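The values are calculated or read from the model by the stated rules, or taken from the named source; none is laboratory data. Since the model is a prediction, treat every value here as computed from it, not as a measurement. Cβ: placed from backbone, ideal geometry, glycine included. Neighbour counts: every protein chain shown. These area figures cover heavy atoms from the full protein model, side chains too; ligands, DNA and RNA do not enter into them. Shrake-Rupley method; radii C 1.70, N 1.55, O 1.52, S 1.80 Å.
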Amino acid sequence: MAVTHNYDVTVEWTGNRGAGTRDYKSYDRDHIIRVSGKPDIAGSSDAAFAGDAQRWNPEDLLVASLSACHKLWYLHLCSDAGIEVMSYIDHAHGVMVSHANGGAFSKVLLRPAITISREQDIDKARQLHHEAHKKCFIASSVNFPIEVEPDIRLATT
């Protein structure tokens with residue numbers, strides 16, 4: 001049985017310097033992303049597109065969403081399998097190609113470094129990344145490849 005989930009987000013442009021969008025250089029790309037009951041996210045465009053490099057941009061958020069979704073499914077699957085994950089850090093990398101008609105992501109590479117507690121779980125811990133990728137809602141919603149290169153380590157005592 002399918003269950004529908006709804007997500008309401010407000011994005012408010014805060015970059016009007018007084019002249020609106022009179023020309024490409026007359027306004028900032030700054031915006032605030034709001035969700036009821038959560039801290040605001042200060043956003044902008046990538047600095048390459050006249051944005052503020054100190055703020056989150058949509059491309060950062062897309063890569064972060066893919067990484068976080070994969071991690072959440074992975075931890076769930078490890079928990080179900082009795083694998084004790086002690087730490088998980090992903091250094092994700094997205095590749096976007098811009099062209100005359102805009103641009104698009106060509107791939108995202110997830111590179112999670114995972115520490116687990118038992119040596120006998122290493123192979124299963126590596127295999128569960130395939131299942132996590134298949135279950136990730138965000139990964140299932142994009143039209144570019146997502147590669148996962150996990151580094152599974154054993155916790156030292």
Once phi is turned into ³J(HN,Hα) by the Karplus curve 6.51 cos²θ - 1.76 cosθ + 1.60 with θ = phi - 60°, what whole-Hz value does each residue of segment 114-124 show in order, with x for glycine and proline?
10, 10, 10, 8, 10, 4, 5, 9, 4, 4, 5
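With r defined as the distance between the Cβ atoms of R111 and Y7 and R0 fixed at 25 Å, what FRET efficiency is calculated, to the nearest 0.05?
Values: r = 27 Å, r/R0 = 1.09.
Efficiency computed from Cβ-Cβ geometry: 0.35.
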Quick check for you: with a 1.4 Å probe and neighbouring chains kept, what is the accessible area per residue of the chain, in Å²?
66 Å²
Determine ³J(HN,Hα), in whole Hz, for all residues of segment 3-20 in sequence, where each value follows from phi through the Karplus function 6.51 cos²θ - 1.76 cosθ + 1.60 and θ = phi - 60°; x replaces Gly and Pro.
10, 8, 10, 10, 10, 10, 10, 10, 10, 10, 5, 10, x, 6, 8, x, 10, x
To the nearest 20 debye, what is the magnitude of the charge dipole of the chain about its Cα centre, counting +1 on the Cβ of each Lys and Arg and -1 on the Cβ of each Asp and Glu?
180 debye
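Sort H70, H76 by heavy-atom solvent-accessible area, probe 1.4 angstrom, most to least. Intermediate values should be presented prior to the final figure.
Values: H70 5, H76 90 Å².
Putting H70, H76 in descending order of accessible area: H76, H70.
So, with +1 on the Cβ of K and R and -1 on the Cβ of D and E, and no other charges, what is the size of the charge dipole of segment 80-157 about its Cα centre, to the nearest 20 debye?
Working: 8 positive and 10 negative charges, 43 e Å.
My answer is approximately 200 debye.
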Can you show me the helix-derived [θ] at 222 nm for the chain, built from DSSP H runs with n ≥ 4 at -39,500 (n - 2.57) apiece and divided by the number of residues, rounded to the nearest 500.
-8500 deg cm²/dmol
For the chain, with the dipole built from +1 on Lys and Arg beta-carbon atoms and -1 on Asp and Glu ones, taken about the Cα centre, which of G37, T10, I122 lies farthest toward the positive end?
T10
With a Förster distance of 30 angstrom and the Cβ-Cβ distance between L62 and R118, calculated FRET efficiency to the nearest 0.05 equals 0.30
Rounded to 10°, Cα long-axis angle of helix 58-81 versus longest principal axis of the chain:
20 degrees
What are the ³J(HN,Hα) values, in whole Hz, obtained from phi via the Karplus relation 6.51 cos²θ - 1.76 cosθ + 1.60 with θ = phi - 60°, for each residue of segment 130-139 in sequence order, with x given for Gly and Pro?
4, 5, 4, 4, 5, 8, 5, 4, 5, 4
Candidates E59, E12, E147; GNM for the chain (alpha-carbon contacts under 10 Å) flags as most fluctuating E12
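Size of the dipole of segment 59-111 about the Cα centre, Lys and Arg at +1 and Asp and Glu at -1 on the beta carbon, nothing else charged, in debye to 20?
On the way: 3 positive and 5 negative charges, 32 e Å.
Using Cβ point charges on Lys, Arg, Asp and Glu, segment 59-111 gives about 160 debye.
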For V148, enumerate residues with amide H under 5 Å from its amide H, sequence gap 5+ or separate chain, H modeled in the peptide plane.
L110
Filtering chymotrypsin sites (Phe, Trp or Tyr not before Pro) in segment 40-140 by DSSP loop and by at most 12 other Cβ atoms within 10 Å leaves F137
Mind ranking M86, M96 by accessible surface for me, highest first, 1.4 Å probe?
M86, M96
Mind listing the lone cysteines of the chain, meaning no other Cys beta-carbon sits under 4.7 Å from theirs?
C78
Give the lysines whose C-alpha is closer than 24 Å to that of K71, dropping any in the same chain fewer than 8 places away, or say none.
K38, K107, K124, K134, K135
With springs connecting C-alpha atoms under 10 Å apart, model the chain as a Gaussian network and identify which of R55, R17, R111 has the largest mean-square fluctuation.
R17
Based on the Cβ-Cβ distance from I89 to Y24, what FRET efficiency comes out when R0 is 30 Å, to the nearest 0.05?
0.20
Scan around D90 for amide H atoms under 5 Å from its own, H built in the peptide plane at 1.01 Å from N, and keep only partners 5 or more places away or cross-chain.
A113
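Take the solvent-accessible surface of the protein heavy atoms, probe 1.4 Å, and return the percent of it on segment 1-78 that carbon and sulfur atoms account for. Display every interim value, and only then the final one.
Working: 2940 of 5370 Å².
C and S atoms contribute 55 percent here.
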